[in-house]
């Protein structure tokens, strides 16, 4: 699925994102609002991982 579809249907995808990255709060997900770069940044911050790894995780999640 391409990111435009995810962004457009963020309310439907946020539950799946919460399952994948349980440390993200509802407030985090509200602020992210479907924006890929903000999701990557928040995952980096919460999990202390490199940007490349966060981007890989987001891409893997989005492709499912």
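Here the extension length gained between residue 26 and residue 3 equals 6.3 nm, from 0.36 nm per residue of separation less the Cα-Cα distance. Subtracting the Cα-Cα distance of residue 51 and residue 63 from their residue separation scaled by 0.36 nm leaves 2.5 nm. Our summary gives the stretch 3-62 a relative contact order of 34 percent, counting only alpha carbon pairs under 8 angstrom and 6 or more residues apart.
No lab work stands behind these numbers, since they all come straight from the coordinates. What you are looking at is a predicted structure, and each value in this text was computed from that prediction instead of being measured.
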